[in-house]
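Read the structure below first, then the notes.
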Amino acid sequence: MRKRLVSWRNLVSSGEPRWIVTEYSHFLSLVQAPLGQRLDSGESASLAVAHNRSLTVVLDENKARSFTANHLPRVTYVSTLCLFVSAAVRSGWSRSRLRELVTSARVNARMGVPREEGGLLATVIEEVVARGR
């Protein structure tokens, strides 16, 4: 499947949510950064918009989280794991339901977990690990 490149002109005229010029410029600077500092297009787009609009973004990749902390201090971010835990607490889900959701996301969607949240992940899935032994 070929990736479709979206030009600025197409984005503005397409009826899709519109970027403003500063967001698009910021996006380009992120995806065109030197190889070791480059973020992928999804992270770059999310960060460009979040930075300009003072929004929170969901980031699981350690590189993107580190970049954001060091270069975009106004941008707040959370992980998918924290989003799931928060949703579970607010909705009154059982621990086993949360565990199933997280396990499924890890296996089927390759959900990443930031290094600093390894302890939280272990707490969420500890019964699964204990039963597997």
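Some observations on this one:
- So V57, is it at pLDDT below 95 and assigned to a helix (DSSP H, G or I): no
- Restricting region 86-122 to residues that are polar (S, T, N, Q) and surrounded by 11 or more Cβ atoms within 10 Å (Cβ to Cβ), the residue that is nearest to R65 (Cα to Cα) is S86.
- Within region 60-81, if we keep just the residues that are free of Cβ contacts under 8 Å to residues at least 40 places away in the same chain and touching an Asp or Glu at 6+ places or on another chain (Cβ under 7 Å), the residue that is surrounded by the fewest Cβ atoms within 10 Å (Cβ to Cβ) turns out to be T80.
- In region 90-122, of all residues being of a type in the set (V, I, T) and touching a helix residue (DSSP H, G or I) at 6+ places or on another chain (Cβ under 9 Å), the one that is farthest from V49 (Cα to Cα) corresponds to T103.
- Test result for T123, touching a Phe, Trp or Tyr at 6+ places or on another chain (Cβ under 9 Å) and of a type in the set (V, I, T): no
- When we screen R110, R97 for residues that are more than 16 Å from the chain's Cα centre (by Cα) and over 30 Å from V21 (Cβ atoms), the only hit is R97.
The values are calculated or read from the model by the stated rules, or taken from the named source; none is laboratory data. Just so it is clear, the structure is predicted and the values come from calculations on it, not from any experiment. Here Cβ is always computed from backbone atoms with ideal geometry, including for glycine, and neighbour counts include all displayed protein chains.
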